[in-house]
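The values are calculated or read from the model by the stated rules, or taken from the named source; none is laboratory data. Treat the numbers as computed from the prediction; the structure is a model and nothing was measured.
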Amino acid sequence: MFLAINNWNSQYERVNLGGLTCDSEDFYNAEVHSNAVFLPKIEPGREQYIGFFHMGAYQEALSGYGGIQHCLIPCPKLVIVDRDEDGEYTTKLFAKEQSYKSMLKILGY
């Protein structure tokens, strides 16, 4: 897994960080049996980004691209982030987010 966070030089605070799937282990912790995670403190008017990359043991491996995702949570928008010759970041939409209609069609509805 690769994690990206901005505002590294800010004051930190303890947070509870979890997902929205049905897994009992859908939370992120620093150590086993501890939910202590510290992230930059949220400040009004300042955006905080947290990116998780290269994770998920079986989402698309089992469902295939555009298939039924775990816990019937639609596949998110897929975006390519790159850097141009001048060092500026660019983004390109690779695939729109999966719709509920697409998932229902796969299930035969």
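Could you look through segment 93-109, keep only residues that are hydrophobic (A, V, I, L, M, F, W, C) and part of a helix (DSSP H, G or I), and pick out the one that is nearest to Leu72 (Cα to Cα)? Show your work before the answer.
Start the filter on segment 93-109 by keeping residues that are hydrophobic (A, V, I, L, M, F, W, C), which leaves 93-95, 103-104, 106-107.
Checking which are part of a helix (DSSP H, G or I) leaves us with 103-104, 106.
Numbers: Met103: 8, Leu104: 10, Ile106: 11 Å.
Restricting to residues being hydrophobic (A, V, I, L, M, F, W, C) and part of a helix (DSSP H, G or I), the top hit is Met103.
Conditions tested, residue by residue: (1) in a strand (DSSP E or B); (2) modelled with pLDDT of 65 or more; (3) under 18 Å from the mean Cα position of the chain (by Cα).
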| residue | (1), (2), (3) |
| --- | --- |
| Leu3 | yes, yes, yes |
| Asn9 | no, yes, no |
| Glu25 | no, no, yes |
| Glu43 | no, yes, no |
| Arg46 | no, yes, no |
| Gly51 | yes, yes, yes |
| Ala57 | no, no, yes |
| Ala61 | no, no, yes |
